[in-house]
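Reviewing the structure listed below.
Taken together, the values in this text are just the output of simple stated rules run on the coordinates, not laboratory data. What you see is a predicted model, and the numbers here were worked out from it, not measured in a lab. With ideal geometry, Cβ positions are generated from the backbone for all residues, glycine too; neighbour counts draw on all protein chains shown.
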Amino acid sequence: EATRLNYLVNDLLDYAKLQDNKIKLNIQEINISMLLANIYDTYHHINNKLHLDLIMEDDLMVNCDANRIEQVIKNFINNAINYGNDQRVELICRKIDDKIMVAVKDYGKGIDPQDLPYIWDRYYKVDKTHVRSNIGSGIGLSIAKEILQLHNIEYGVDSKVNQGSIFY
């Protein structure tokens, strides 16, 4: 419960700062491939039951605030772990035309089309049942949305019921 409360407090503080435009981005050119490899190593090291695949091209460079983008990616991975039924998650990074696409894919139950417009809203839960084992604040996707909008990055989700979701 202490861990859960810590996540909640930190998420609420981040969200409040984002809403008040008090977070200044530290934009630098980074190797997003290396960032993803580090994230992969972290999850692989701490969760041996998770089947996490890293599918990426090497040495892709982007301009962003690395800490904030890492926060978004970890949020997407945590959601995939919490809502993906078989604990299989893919972390994907590809160059498409002149853009770099980073995505997290799960093979869970997916999101009903009627819920898709609301998943970026704070405290919105697709699954209304309380699951104590899922650590989260309910505002993770709202925080991700705010960070991505600050970066002027296109984001979204593709999801099919009983087939899983891809957050990008």
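Peptides 41-54, 64-77, 95-108 ranked from most to least packed by the mean count of surrounding Cβ atoms within 10 Å: 64-77, 95-108, 41-54.
Net charge in the neighbourhood of residue 29 (other residues with Cβ under 13 Å of its Cβ; Lys, Arg +1, Asp, Glu -1) is -2.
Label sites at residue 118 and residue 101, each approximated as a point 7 angstrom past Cα along Cα to Cβ, lie 2.9 nm apart.
Counting charges near residue 60 (Lys, Arg +1; Asp, Glu -1) among other residues having Cβ under 14 Å from its Cβ returns a value of -3.
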